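See structure below.
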Amino acid sequence: MATIEELQIRRDRLLERLESLQRRVTHGDKTVEYDLDQVRTALDLLDREIARTGGSNGPRVARHLRVRSNKDL
């Protein structure tokens, strides 16, 4: 499993690529249009993984509260 720092580095690199990509490229009389949805999907997956591992707050801690009593409640 990747650490939060590694995930953040991956996210930053992917975001840089997304910003530098062009949706449409024309050369002479030919035009190619690229679908950037895969990059956005990968970015969303990385964001979810960062949130799942705790983001900047560290990993989540599950807390349980156990109540005991000698009397009937």
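Derivation of every value follows stated rules applied to the coordinates shown; laboratory data play no part. Everything quoted here is computed from the prediction, not taken from an experiment. Here the Cβ positions follow ideal geometry from the backbone for every residue, glycine too, while neighbour counts run over all protein chains shown.
What length, rounded to one decimal in nm, is gained on full extension from His64 through to Thr26, with 0.36 nm per residue of separation minus their alpha-carbon distance?
On the way: separation 38, 0.36 × 38 = 13.68 nm, distance 5.97 nm.
Stretched fully, the His64-Thr26 segment lengthens by 7.7 nm.
What is the sum of charges around Arg13, taking Lys and Arg as +1, Asp and Glu as -1, for the other residues whose C-beta is under 15 Å from the C-beta of Arg13? Don't skip to the answer; put the middle values down first.
Values: positive: Arg10, Arg11, Arg17, Arg40; negative: Glu5, Glu6, Asp12, Glu16, Glu19, Asp47, Glu49.
Here the charged neighbours net out to -3.
Could you compute the longest span of the chain free of trypsin sites (Lys or Arg not before Pro) located in DSSP loops and having at most 10 other Cβ atoms within 10 Å, not counting the site residues?
24-62
Explain nothing, just compute: Karplus ³J(HN,Hα) = 6.51 cos²θ - 1.76 cosθ + 1.60, θ = phi - 60°, for every residue of the stretch 4-14 in order, whole Hz, x for Gly and Pro.
Along the stretch 4-14, the couplings run 5, 5, 5, 5, 5, 5, 4, 5, 4, 5, 5 Hz.
Report, in deg cm²/dmol and to the nearest 500, the calculated mean residue ellipticity at 222 nm for the chain, where each DSSP H run with n ≥ 4 adds -39500 (n - 2.57) and the sum is divided by the residue count.
Working: 2 runs with 33 residues, N = 73.
My calculation for the chain gives -15000 deg cm²/dmol from helical runs alone.
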